[in-house]
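Chemist: Can you keep this structure in mind? I'll have questions shortly.
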């Protein structure tokens, strides 16, 4: 019996098929990398006696329905907000004799502004008709002010930048002692706590 | 080689976006931890849905529009789908279009507070709104 030669599969079009598949996957791929501003909401609880915050420790940012900024009762351009917030947080107005004295602040030490970064509270009030874009810009600028100060202090105390280190630790790219680094990050956060309060928006803007 | 690369990285979209999504830009951002987050989309309906649903900003969860009154139910359902050990660390990712009013976002936040899902993240795109 004559041995039959095995029939060959025609593979000439395989390259074309692979190419088509490649194009298909190229088109459907969406590489998602979501980033954003993280925030913690205050829990709902009946506060029986709310803590009294001194007027000088409060920095009020008011955004109206036309996306205009009113900072400490003065009209302000959003470009100046970051510096204004830094000046407020970094003021260190408590006198040198008091226990609240801020020994690392580099601000003007004006007695009519905040005592120290721990006491300082930034309060944002929005109108319901404020655009979400403006809301994010304001939040971004205020977080930037906090990050600036935290970077400065961590650079002074530990020799690295807070934001950079936090990113490395969170993403697991830090090669040193992670626990120690976490503790240092917490120290900085305690030194300059992010105290951003949000009032519930008023129904009608003024 | 390339074919295999793209085959591996391809994730087919599991939601069909019904609302416009042009997120505002920000640069003081953190990365989203995907395994423990649930998404809320909000914004005006996309142009091809505007004939049916109008132009008023709406909330989308999963594949459909959700009225604010139904938000709690939908979110608890989504949370139950996460891995059990991560359910207490749940993070809500808000993807909101830049032209939406803050009022809608505030309503969502109020519902989240009542549900005790206190960690949230405003998803933004890269850049800075002030630099253009």
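Since every read-out is calculated from the coordinates, none of them should be taken as a lab result. Please read all numbers here as calculations on a predicted model, not as lab measurements. Here Cβ is always computed from backbone atoms with ideal geometry, including for glycine, and neighbour counts include all displayed protein chains.
Chemist: Determine the shape class of the range B:64-109: with a ≥ b ≥ c the square roots of the Cα gyration tensor eigenvalues, call it rounded for a/c under 1.5, and otherwise prolate if a/b is greater than b/c, oblate otherwise.
Modeler: Prolate shape, in that a/c is at least 1.5 and a/b is the bigger ratio.
Chemist: Let me ask something else about it. Over all alpha-carbon pairs in the range A:44-120, figure out the percentage whose distance exceeds 19 Å.
Modeler: Here the tail beyond 19 Å accounts for 45 percent of pairs.
Chemist: Related question: Classify chain B as rounded, prolate or oblate, taking a ≥ b ≥ c as the square roots of the eigenvalues of its Cα gyration tensor: rounded when a/c is under 1.5, otherwise prolate if a/b is larger than b/c and oblate if not.
Modeler: Here chain B falls in the rounded category.
Chemist: Could you state the principal axis extents of the C-alpha atoms in the range A:53-206, from the largest down, to the nearest angstrom?
Modeler: For the range A:53-206, the Cα extents along the three principal axes come out at 52, 42, 24 Å.
Chemist: Please find the FRET efficiency linking residue B:15 to residue A:67, where r is the Cβ-Cβ separation and R0 is fixed at 41 Å, and quote it to the nearest 0.05.
Modeler: Plugging the Cβ-Cβ distance into 1/(1 + (r/R0)^6) gives 0.85.
Chemist: Fewest to most neighbouring Cβ within 10 Å: what's the order for B:5, B:41?
Modeler: Neighbour counts put them in this order, fewest first: B:5, B:41.
Chemist: If I take R0 = 56 Å and measure r between the Cβ atoms of residue B:55 and residue A:6 in this structure, what FRET efficiency does the formula 1/(1 + (r/R0)^6) give, to the nearest 0.05?
Modeler: 0.25
Chemist: Could you give me the percent of Cα pairs per 20 Å distance bin for the protein assembly as shown, shortest bin first, beginning at zero and ending with the bin that holds the maximum distance?
Modeler: 24, 52, 17, 5, 2, 0
Chemist: Set the Förster distance to 41 Å, then compute FRET efficiency between residue A:27 and residue B:99 from the Cβ-Cβ distance, nearest 0.05.
Modeler: 0.90
Chemist: Now a separate question. Report the label-to-label distance for residue A:197 and residue A:173 in nanometres (one decimal), using points 7 Å from each Cα along the Cα→Cβ vector.
Modeler: With each label point 7 Å from Cα toward Cβ, the separation is 3.7 nm.
Chemist: May I ask you to derive the relative contact order of the range A:49-158, considering only C-alpha pairs under 8 Å and at least 6 residues apart, and to give it as an integer percent?
Modeler: After rounding, I find 31 percent.
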